[in-house]
Amino acid sequence: MNVLKDTKDNILYGRWLLMGSACHLGSLYAYPWLVYFASGKAEAGAFAACYSLVNLLNPLILGFNNYFRPKIMETRIKEGVAAMDRLVRRACLLLLPVAGLFVLAMFIGGGLLVRIVYGESFTGLGTVIALVSLSVVPVFLGAPLQLGTLAMNRPQINPKFHAVSLAITILIGTPLTFTFGNAGAAAGYALAATGGSATLLWLYRREVRKNQEI
């Protein structure tokens, strides 16, 4: 075992994930602050309430990653990229109805949920939580795609698609927030998630085609 070589390889691999995480956190946590500067702390608190309820699904994504990460990695090593791609597609199809049902539930009763959880002062937030919930679909579909890119040893894809989300936050989400307040921030958040996942899908498909041509 070459400890120095393994350490160097891990650092070179992990630097891409670190850069991606920085961009991801930037796009993720920018919106409450944007709302604060645009509309004040009361509106920022209202946005954070909607944002927090939507993010209650995060443990589901963590559990999915913990279960599918070794399966996708093992399939890539033992059966090749084509078999791995089929598993990634099945995982996407598994997550899609879950995300869709959650979004539907938020459009129907999200405003009521916010009021029940946080009190009568948090009223009129149905549109905001519905728009924020739209981010769940691209986030859920992006999870297996991201595992697929890592299984193909392409960690450099991670900062690329997260950078797209951050760029959308800066270029589109910021003016939307300062123009439309909470609703604009919610729309910007959903657009950032969608743009990042769309970029991830394109990069993932490109790598799959490259590997299949080898």
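For Leu12, put the label point 7 Å out on the Cα→Cβ axis and report which residues of the stretch 139-172 keep their amide N under 16 Å from it.
Of the residues in the stretch 139-172, 153-157 have backbone N under 16 Å from the label point off Leu12.
If a/c stays under 1.5 just call it rounded; otherwise compare a/b with b/c (prolate if a/b is bigger, oblate if not). Do that for the stretch 79-214, with a ≥ b ≥ c from the square roots of the Cα gyration tensor eigenvalues.
The shape class here is oblate.
If Lys and Arg each add +1 and Asp and Glu each add -1, what is the summed charge of the other residues whose beta carbon sits under 12 Å from the beta carbon of Met152? Could you put the intermediate results ahead of the total?
Working: positive: Arg76, Arg154, Arg205, Arg206, Arg209, Lys210; negative: Asp85, Glu207.
That works out to +4.
Among Gly111, Leu12, Ala187, pick out the residue whose Cα is farthest towards the positive end of the charge dipole of the chain, where Lys and Arg carry +1 and Asp and Glu carry -1 on C-beta, about the Cα centre.
Leu12
Rounding to the nearest 20 debye, state how big the charge dipole of the stretch 67-160 is about its Cα centre with +1 on each Lys and Arg Cβ and -1 on each Asp and Glu Cβ.
My answer is approximately 400 debye.
Build a GNM of the chain with springs between Cα atoms under 10 Å: which of Val164, Val98, Val137 gets the top mean-square fluctuation?
Val98
If the elastic network links every pair of Cα atoms under 10 Å, which of Arg86, Arg154, Arg69 fluctuates the most in the Gaussian network model of the chain?
Arg86
Count neighbours as other Cβ atoms within 10 Å of each site's Cβ, and list the GluC sites (Glu not before Pro) in the stretch 120-214 that are DSSP loop with at most 12 such neighbours.
Loop-located and lightly packed - Glu120.
Note down the net charge around Ile72, summing +1 for each Lys or Arg and -1 for each Asp or Glu among other residues with Cβ under 15 Å from its Cβ. Don't skip to the end; give the middle numbers.
Numbers: positive: Arg69, Lys71, Arg76, Lys78, Arg86, Arg89, Arg90, Arg154; negative: Glu74, Glu79, Asp85, Glu207.
That sum, taken over residues with Cβ under 15 Å, equals +4.
Taking R0 as 22 Å, what's the FRET efficiency between Lys41 and Ser21 from their Cβ-Cβ distance, rounded to 0.05? Don't skip to the answer; put the middle values down first.
Values: r = 27 Å, r/R0 = 1.24.
Rounded to the nearest 0.05, the efficiency is 0.20.
How many lysine pairs does the chain hold where the Cα atoms are under 23 Å apart and the two sit 8 or more places apart or on different chains?
Taking the Cα cut-off of 23 Å, the pair count is 4.
Using the Kyte-Doolittle scale, which helices in the chain average at least 0.5 and also have C-alpha atoms spread 27 Å or more along the helix axis, with helices defined as whole DSSP H runs? Before the final figure, lay out each step's value.
Values: long enough: 3-39 (52 Å, 0.36); 58-79 (30 Å, -0.51); 81-118 (47 Å, 1.67); 182-213 (47 Å, -0.26).
Qualifying helices: 81-118.
Given a Förster distance of 25 angstrom, what is the FRET efficiency for Ile77 paired with Leu57, based on the Cβ-Cβ distance and rounded to 0.05?
Details: r = 30 Å, r/R0 = 1.21.
The calculated FRET efficiency here is 0.25.
None of the figures in this text is laboratory data; all of them are computed from the coordinates on show. Everything quoted here is computed from the prediction, not taken from an experiment. For neighbour counting, all protein chains shown are included, and Cβ atoms are generated from backbone atoms with ideal geometry for every residue, glycine included.
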